[in-house]
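Accompanying notes for the structure given below.
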Amino acid sequence: MRKRFALPLCLLLAAAFGCSAPRGDSRSARAGEARAATPQASGQSAGRPKPSSGSPFLDRLSDAAVERTSHEVRYDPTYFVIPYPNGDVPAEVGVCTDEVIRSYRALGVDLQQLVHEDMKANFALYPRTWGLKKADPNIDHRRVPNLMVFFARQGAAQPVTDNARDYKPGDVVTWDLGNGLTHIGIVVAVPSESDENRLQIVHNIGAGPKMEDVLFDWKITGHYRFAGPKPAAKPTPQPNARRK
């Protein structure tokens with residue numbers, strides 16, 4: 001059985017990340033591997049096509065998130081000093097944000113570098129919750145409030161609604177769990193068993209990366225559709241100067 005931290009320590013450490021704390025309910029204990037073994041894990045059910053976002057990148061992100069459920073990850077909100085760029089905490093540990101980071105990285109998008117560069121250039125626009133005076137590439141991208149600001153600044157924000165059809169494969173969703181805790185996960189192309197219009201979520205809320213029907217379980221605070229950084233605009237060619 002997985003050894004748990006004392007609850008007050010869990011809450012303290014998780015709040016420092018702006019991420020969720022471990023919980024022990026039966027829903028989180030369901031194994032992602034068991035789900036992956038069923039036909040529904042591919043997003044397909046009898047006679048129905050696999051749900052699609054309409055974006056090849058976001059469909060691949062959904063697949064990358066589902067693949068994460070095959071990994072054993074211990075929930076651990078410890079601060080790590082990691083390489084930069086493309087740095088990661090040890091593969092066997094992580095928090096909710098790490099599943100988003102690792103899913104994007106599987107597609108060649110390094111949120112560590114993207115968030116760090118934007119925070120360095122626009123530090124005042126990011127939350128001051130943790131009392132930092134400058135960007136920290138070890139932790140900034142691993143905090144839910146920072147990812148929310150980054151995605152919004154990238155033009156990725158989508159309406160927050162109670163209509164399940166508005167949430168597409170590859171979308172990123174954030175929640176308020178109460179008591180100062182936030183959470184984040186990725187919508188995947190696997191319909192709920194109880195409502196085919198509601199897609200499931202890959203997230204880590206304490207028991208490692210799991211795929212669960214939890215979209216509306218908590219208050220949604222953010223909804224994002226980020227298909228990677230926009231390519232830099234090419235300079236407009238200037239006509240050759242003419243001598244008078």
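The values are calculated or read from the model by the stated rules, or taken from the named source; none is laboratory data. The structure displayed is predicted, hence computed values, not measured ones. With ideal geometry, Cβ positions are generated from the backbone for all residues, glycine too; neighbour counts draw on all protein chains shown.
Is there a residue being closer than 22 Å to PHE57 by Cβ and small (Gly, Ala, Ser) anywhere in the stretch 111-134?
Checked the stretch 111-134: no residue is closer than 22 Å to PHE57 by Cβ and small (Gly, Ala, Ser).
Among the residues that make up the stretch 73-81, is at least one of them under 23 Å from GLY228 (Cα atoms) and either surrounded by fewer than 22 Cβ atoms within 10 Å (Cβ to Cβ) or touching a helix residue (DSSP H, G or I) at 6+ places or on another chain (Cβ under 9 Å) (or both)?
The answer is no, given that none of the residues of the stretch 73-81 is under 23 Å from GLY228 (Cα atoms) and either surrounded by fewer than 22 Cβ atoms within 10 Å (Cβ to Cβ) or touching a helix residue (DSSP H, G or I) at 6+ places or on another chain (Cβ under 9 Å) (or both).
Could you please find all residues in the stretch 192-234 being in contact (Cβ under 8 Å) with a residue 60 or more places away in the chain and not in a loop (DSSP other than H, G, I, E, B)? Outline the logic, then answer.
Quick first cut of the stretch 192-234, residues in contact (Cβ under 8 Å) with a residue 60 or more places away in the chain only: 193, 196, 199, 202-212, 214, 220-230.
If the condition is that a residue be in contact (Cβ under 8 Å) with a residue 60 or more places away in the chain and not in a loop (DSSP other than H, G, I, E, B), then LEU199, VAL202, HIS203, LYS210, MET211, GLU212, ILE220, THR221, GLY222, HIS223, TYR224 are the ones that fit.
Checking GLY170 against (1) within 23 Å of PHE216 (Cα to Cα); (2) among the small types (Gly, Ala, Ser); (3) surrounded by fewer than 16 Cβ atoms within 10 Å (Cβ to Cβ): exactly one of these is not met. Which one?
Answer for GLY170: the failing condition is (3).
Take the conditions at pLDDT 95 or above and not in a helix (DSSP H, G or I) and apply them to VAL160. Does it pass?
Answer is yes for this residue.
Those residues that are β-branched (Val, Ile, Thr) and part of a helix (DSSP H, G or I), I need them from the stretch 63-106; list them, please.
VAL66, THR97, VAL100, ILE101, listed by residue number.
Starting from the stretch 67-86, take each residue that is under 15 Å from ARG102 (Cβ atoms) and list its partners that are acidic (Asp, Glu) and assigned to a loop (DSSP other than H, G, I, E, B), counting only C-beta distances under 8 angstrom and pairs at least six apart or across chains.
GLU72/GLU92; VAL73/GLU92; ARG74/GLU92; ILE82/ASP88; PRO85/ASP110; ASN86/ASP110
Name the residue that is nearest to ILE186 (Cα to Cα), counting only residues in the stretch 150-167 that are buried (at least 21 other Cβ atoms within 10 Å of the Cβ) and touching a strand residue (DSSP E or B) at 6+ places or on another chain (Cβ under 7 Å).
Checking each candidate, the answer is TYR167.
Return the residues of the stretch 221-238 that are at pLDDT 60 or above and more than 16 Å from VAL188 (Cβ to Cβ); say none if nothing qualifies.
THR221, GLY222, GLY228, PRO229, LYS230, PRO231, ALA232, LYS234, PRO235, THR236, PRO237, GLN238
Scan the stretch 203-234 for residues that are of a type outside the set (Lys, Arg), in contact with a helix residue (DSSP H, G or I) (Cβ under 8 Å, 6 or more places away or on another chain) and more than 24 Å from ARG153 (Cα to Cα) and report the count.
Looking only at that region, the number is 10.
Mind checking which residues of the stretch 120-149 are assigned to a helix (DSSP H, G or I) and either touching a His at 6+ places or on another chain (Cβ under 8 Å) or exposed (fewer than 14 other Cβ atoms within 10 Å of the Cβ) (or both)?
LYS120, ALA121, ALA124, LEU125, ASP140, HIS141, VAL144, LEU147
Given the conditions (1) of a type outside the set (Lys, Arg); (2) under 25 Å from ARG198 (Cβ atoms); (3) modelled with pLDDT of 95 or more; (4) in a loop (DSSP other than H, G, I, E, B), which single one is not true for LEU58?
(4) is the only condition that LEU58 fails.
Could you list, in sequence order, the residues of the stretch 103-114 that are surrounded by 18 or more Cβ atoms within 10 Å (Cβ to Cβ) and more than 13 Å from the chain's Cα centre (by Cα)?
Matches in the stretch 103-114: LEU114 only.
For the stretch 167-216, enumerate the residues that are farther than 27 Å from PRO56 by Cβ and of a type in the set (S, T, N, Q).
Correct list: ASN179, THR182, SER194.
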